[in-house]
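Input: a single structure, listed below in structure tokens.
Every read-out reported here was derived from the displayed coordinates using simple, explicitly stated rules and does not represent laboratory data. What you see is a predicted model; the values in this text were computed from it and never measured. Virtual Cβ from ideal backbone geometry, glycine too; neighbours counted across all protein chains shown.
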Amino acid sequence: MTDDDRAARSDLETYLRDIGREKLLTAREEKDLSRRLHKGDRKARDRMIRANLRLVVSIAKMYANRGLTLLDLIEEGNLGLLKAVENFDPQMGTRFSTYGTWWIKQAIRRAIINTVKTIRVPAYMVEVIAKWKNATILLTGRYGREPTYEEIADHLSISPQRLEILKRAMRSNTTTGTAIVDSDVVWALTDVVEDICTPKPDEQLFNVYEREKIKRLLEVIDTREAHILRMRYGLEDRSPMTLEQIGQVLGLTRERVRQIQASALRRLHRILAEEEEEEESSRRTAPRGGNP
């Protein structure tokens, strides 16, 4: 171990020891701090950040050995944490850890993908291969066997010409020019690209509320909105679909599907927030137990 390595380890140990002393927040404290920081209270902002630094470390460890040191990963994750703190809205019905995880992962993933340039892998190609990998898994489950190149290309609407380029990219072992490096390296890098079916924070009520409750709520919103959400999140025993796939089914553009989805999610958030307020009000007015 070099002197630099020993110094880095010492810095990391000191940092972990310092943040480990910070008390975690309750749901009520998160809501209170969020309201205060949006009014410009810097102490509330700092407290919210400090209380979630351990969350960044736990996520950063998931991306170790992918081109960045753990300290670098933590630094990038902390940038994502700052954005999460600034954008968090308790009315969404999620705990901050659920909301912040997405932002932290995105910051780390972007940093790792940026290192791709140093090994001469075009970032756009990494994303294309990530979608290819996702489609391979999806179609394997659908067909009960590994799909052919042509079946995957058809699923992703990739032209025969582009298919040939992709096949060469995934088989290439060269590192010159703009060629792709060894396929094992590329496939490892695709693990850090956002899964194309992963919902963003404002969509994560599906990870928080019971599916049966969501299905019930879908009955009270616009039929087309409900249909899109069912396809998007794999409700009613169907596989989750991308915005592009939904657009193909309904004859709509990807952007139009995204707009309808956003409108539907805002509607559901409002309904859920109203129900939560009613439940909280009922708890406050309910008689306490004890002797009459």
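Structure values in brief
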item: 18 Å Cα-Cα threshold exceeded, pairs from Lys23/Lys43; Lys31/Lys215; Lys105/Lys215; Lys23/Lys61; Lys83/Lys105; result: Lys31/Lys215; Lys105/Lys215; Lys23/Lys61
item: Additional length obtainable on full extension of the chain from Ala64 to Gln91, 0.36 nm per residue less Cα span; result: 6.3 nm
item: Length released on extending from Arg110 to Asp32, taking residue separation times 0.36 nm less the Cα-Cα span; result: 25.0 nm
item: Residues Glu151, Glu274, sorted so that the one with the fewest Cβ neighbours within 10 Å comes first; result: Glu274, Glu151
